[in-house]
Amino acid sequence: MRSRTPVLSAVLGVLLTATACGGGDPATPGDGPLSDATITVGSKDFDEQLILGHISKLALEDAGATVVDQINLGGTDASRGALVSGKVDHYWEYNGTAWISFFKETEPIPDRIEQYEVVRDRDLAENELVWLEPANFNNTYGLAFRSEAAAELGSPETISDLASVEAGALSLCVESEFSTRDDGLPGLEKTYGFEFPDKQVTVLDTGIVYTSTDKGQPCNFGEIFTTDGRIGALDLTVLEDDKAFFPLYNASPVFTKEVMDSHGEELTELYGPITEALTQDVMTDLNKRVSADGERPEQVAKSWLEDNDLIG
């Protein structure tokens with residue numbers, strides 16, 4: 001997992017020098033337990049990851065660290081590649097993503113702590129990456145539809161119920177990663193024993209999936225993330241994953257071993273209260289403020305940290 005393809009290396013090279021990633025300029029260090037640390041912080045490119053990236057940046061700066069901002073690196077492959085190669089020192093990753101996509105395991109572990117521990121131990125042994133304790137929220141995948149169309153679609157309550165939906169109405173909007181991941185559409189169709197017609201599966205940007213599902217065009221059903229604030233804002237109905245197909249996706253701060261060897265005690269102490277405070281309701285509300293209310297991720301991260309006395 002430590003090696004990268006030439007293509008990925010080239011992509012990372014562009015990403016890590018692009019000013020669009022947040023500038024890349026080190027922040028001014030201050031006083032605090034991490035005043036001798038320089039830490040490069042990355043993130044993926046969707047709202048929740050941008051919020052988590054800025055939570056890390058602000059908390060580390062408040063603890064005195066010099067932070068190099070590489071927030072908004074791109075998708076999972078780009079962020080993971082940057083961390084494994086040492087181009088960044090830290091970003092937040094989901095234990096289900098590691099288990100299914102990185103380690104190619106096919107059977108999710110339903111216990112939250114056990115899932116975390118096996119990922120933690122394996123990533124340390126194989127890649128020298130250190131997973132801190134996970135946050136309480138679980139941002140797993142789900143499928144949803146516009147609530148006002150319930151009667152028209154046969155009032156489905158579970159994903160299994162989709163097997164009874166008329167084929168012409170079985171249309172689905174997904175983002176690109178979900179359409180190919182083992183823990184996405186291919187695995188879901190295999191587990192539930194039905195398939196969405198190929199011509200009725202539309203790949204869109206993540207944000208457009210929600211608005212298209214709300215409009216019913218071009219799809220009646222859409223892939224959602226279960227902590228996304230747009231679920232409530234758009235009055236979408238989430239189908240129960242009655243076969244427990246989707247893995248747990250609790251997010252942990254992940255650091256390189258090199259950084260943890262130098263600052264592990266301070267980082268563990270810093271992130272403990274943060275991960276404990278990030279409950280399902282809290283993360284959903286933070287996401288809503290960005291996705292539905294239009295606030296900037298850095299503003300949301302800053303106000304939440306201040307309101308909870310986690311910085312300042």
Dipole magnitude of the chain about its Cα centre, charges +1 at Lys/Arg Cβ and -1 at Asp/Glu Cβ only, in debye to the nearest 20? 940
Within the chain, how many Lys pairs that are eight or more residues apart, or on different chains, come under 15 Å at the alpha-carbon? 5
How far apart, in nm, are the 7 Å Cα→Cβ label points at Ser155 and Glu306? 4.8
Say each of Asp31 and Asp242 gets a label point 7 Å from the Cα, pointing the same way as Cα to Cβ; how far apart are those two points in nm? 6.1
From a point 7 Å beyond the Cα of Lys257 in the direction of its Cβ, which residues of segment 83-104 have a backbone N at a distance under 15 Å? 84-86
Grab the other residues whose beta carbon is less than 10 angstrom from that of Val254, score K and R as +1, D and E as -1, and report the net. -1
Given a 1.4 Å probe, the accessible area of the chain per residue, as a whole number of Å², is 43
In the chain, with Lys and Arg counted as +1 and Asp and Glu as -1 at Cβ, which of these residues, Gly272, Asn308, Ser179, has the Cα nearest the positive end of the dipole, that is, farthest along it? Ser179
Suppose each label sits 7 Å from its Cα in the direction of the beta carbon; what would the Ser147-Asp235 distance come out to in nanometres? 0.7
Whole-percent carbon and sulfur share, accessible surface of the chain, 1.4 Å: 48
Stokes-Einstein D for the chain, Kirkwood Rh over Cα pairs, 4 °C, 1.567 mPa s (µm²/s): 64
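The values are calculated or read from the model by the stated rules, or taken from the named source; none is laboratory data. Just so it is clear, the model here is predicted, and its values are computed rather than measured. Positions of Cβ are backbone-derived with ideal geometry, glycine not excepted, and every protein chain shown enters the neighbour counts. Each accessible area value is taken on the protein alone, full model and side chains, heavy atoms only, with ligands, DNA and RNA left out. Shrake-Rupley method; radii C 1.70, N 1.55, O 1.52, S 1.80 Å.
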